[in-house]
Structures are given as structure tokens and as C-alpha cells.
Amino acid sequence: MAEPLVLTLSCADRPGITARVSSFLFERGGNILEAQQFNDRLSDAFFMRVEFDPGDTPRDTIRSEFAALADTFAMEWKLAQRDRPRRVMIMVSKFDHCLADLLYRWRIGELPIEPVAIVSNHPREAIGHTDIGAIPFHHLPVARDTKAQQEARVREIAAETDAELIVLARYMQILSDAQAAHFAGRCINIHHSFLPGFKGAKPYHQAYERGVKMIGASAHYVTADLDEGPIIHQDAESIGHADTPDALVRKGRDIESRVLAEAVRLHLEERVLLNGQRTVVFRG
């Protein structure tokens, strides 16, 4: 079997799209391995994700010939190699549990990533619990009068390493509008509550004071609107009246780690399509 490919597309909904796409792949010797679609009746938009074995047809041939079909339906589309590791830059502050979890999943082969840089606004010692191996570490402190220069250096590192995805693994700094725009669609953040939720300092302590019965975390794409980007994945855990703030923090670490890892996986597998301020997520 040839290296599987993933075709994702979106366009205005109209009859015949699924049939035309399936016929296109069949006529070129392709074998569909997984296919999902969604018709958004509120916006009359159509979304589709197809994993397929291209057989003997070269990927470049499929790409060039599909362009004509895509033009017919005015599609936004992408053709990607399913299992190719993506180059990822991870940004972190003092809390390194999400970083450690991502690196563990990478090392055991669960996440198809190639970590190319770790960027932090704190020295290496701040995340001394985590073994980063030979991954280049960049200490880029942030101050009010140097924020623009620091963000420029972050962009340089991303460009120098050909980073395809930026992951904010509890990076406790707000990106400027310009930085958010620069990394639009390829920067994932983990937020330590449901969105909307308890914002600001000590969210779990706020939740404790309010007597909540459930805590959660949200992974979303970064936009200029703080913590308002399209949500990729969320999860929650029930808590009780006897849970202390420290217990909430402990449980929160686990939720944050697994929610971020799942969001990264969904992105890497081309399972997330933007639908305005929302997302279409084809789970698998």
C-alpha cells in the first residue's frame, strides 16, 4: 500500500460533491480508507475529510488534477501525507506538565511530531523536571518594553526551524494581535478552564470559591481575541465538596495535559476544519 493521503475540503453545500470526490479518487486508482462529511445547514456549508490509498498515482498528479474539480465547487482544500511528522515549536512558562506529556507521547510514537524548539520566558531551570533531551531550548524573557523584540525573535525561531505548528503548553503570556495573526491557524493554546470560564489568576481557586462541581480545560486556536479562538477539544472532570484547591490543581493538570495532546493529535491528522469562529472536528 502506498503512503496514505488525507484530503480535506470545504465549500458551499450543493448536490453531488461527495459523489464527484469519490469518483475522482476511484478513477485514479485510489482506495478510500476513511471518509467523513458534515453539512452545516445553518450556513449551507459542506465539509469533508477523506483518507485514501492513492495506489500508483503520484501525489503531485492527484493534487494538480483535483485543482480543476475544486475550482468547479469553489473549494478550500488541502492534500496532505497522513503520517508525516510535523515540525513543532513548543512554548512553555513554569508549569511543564503539558510539555512533559507531549514529549512523552512523541517519544513512544503516539504523536507524529518533530519537536524543533522549546521557547520559554523563564530559564531552563524552571522546567528542570522535564527531560527535553537535545531539543534546542530558547530562553526569551518578556518585559513590557521588550515584548515586541521578544515576539520578533519567536517568529525568527519558527522560521529558522520551519515550524509548522506552535503549541502553547501553558505559556503564560498573552500574544500580541500581530503575533496571533502571524501564527493564525497553526497555533494551539491550552486554557485551564472551560471557555468561557474563570479567567485570570488562580482559576482553580476561583472555581473552589464558587463551589463548582466540575472542572475542565479547553484547547483552541489562538486569535487576537484573548481566549476566544475556535475550540478544538474540551474535557471535564467531576469534583466534590471535599476537594481542596490543591486537589483541583492536581486534577486540572491531568485534564490540561490530555486535552492539549488530543487537540494536537486532531490537528496533526487534519481532522479540524475551521467553520467561521467554530470548528468541524472529524474524530477518529
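Quick notes on this one:
- Matching the structure-derived Rg and Dmax of the Cα atoms in Å against the labelled list (1) 20.6, 62; (2) 22.9, 74; (3) 18.7, 60 gives the label (1).
- Accessible heavy-atom area order of R155, R105, R49, R250, highest first, probe of 1.4 Å: R250, R155, R105, R49
- Annotation: extensible slack from R87 through D246 equals 53.7 nm (criterion: 0.36 nm per residue apart, minus Cα-Cα distance).
- Within the accessible area of the chain (1.4 Å probe), percent carbon and sulfur: 51 percent
- Segment 134-259: relative contact order as a whole-number percent, Cα under 8 Å and 6+ apart: 21 percent
- Additional length obtainable on full extension of the chain from H205 to E27, 0.36 nm per residue less Cα span: 58.2 nm
- What you get for segment 135-284, charging only the Cβ of Lys and Arg (+1) and of Asp and Glu (-1), is a dipole of about 320 debye around the Cα centre.
- Built amide H within the under 5 Å cut-off of C187, gap 5+: I166, V222
- Global geometry of segment 236-284, whether rounded, prolate or oblate, following the gyration tensor of its Cα atoms and the 1.5 cut on a/c: prolate
- Rel. contact order, % - alpha carbon contacts under 8 angstrom, at least six apart, the chain: 16 percent
- Solvent-accessible surface (1.4 Å probe) assigned to M172 amounts to roughly 90 Å².
- Proximal charge balance of R86 [Cβ under 9 Å; K/R count +1, D/E count -1]: 0
- Share antiparallel - DSSP beta bridges, the chain, percent rounded to 5: 70 percent
- Rounded to the nearest 20 debye, the dipole magnitude of the chain is 520 debye, with +1 charges on Lys and Arg beta carbons, -1 on Asp and Glu beta carbons, and the Cα centre as origin.
- Label sites at E237 and I174, each approximated as a point 7 angstrom past Cα along Cα to Cβ, lie 2.9 nm apart.
- Protein-only accessible surface order, largest first, of E160, E228, E151, E209 at 1.4 Å: E209, E160, E228, E151
- Nearest-10 value in Å² for the accessible area of T244, using the 1.4 Å probe: 70 Å²
- Whole-Å distance, taken between Cα centres, linking segment 80-133 and segment 236-279: 17 Å
The values are calculated or read from the model by the stated rules, or taken from the named source; none is laboratory data. Since the structure is predicted, the reported quantities are computational estimates derived from the model, not experimental observations. Glycine also receives a Cβ, built like all others from the backbone with ideal geometry; neighbour counts cover every protein chain displayed. Note: areas computed on protein heavy atoms with side chains; ligands, DNA, RNA excluded. Shrake-Rupley method; radii C 1.70, N 1.55, O 1.52, S 1.80 Å.
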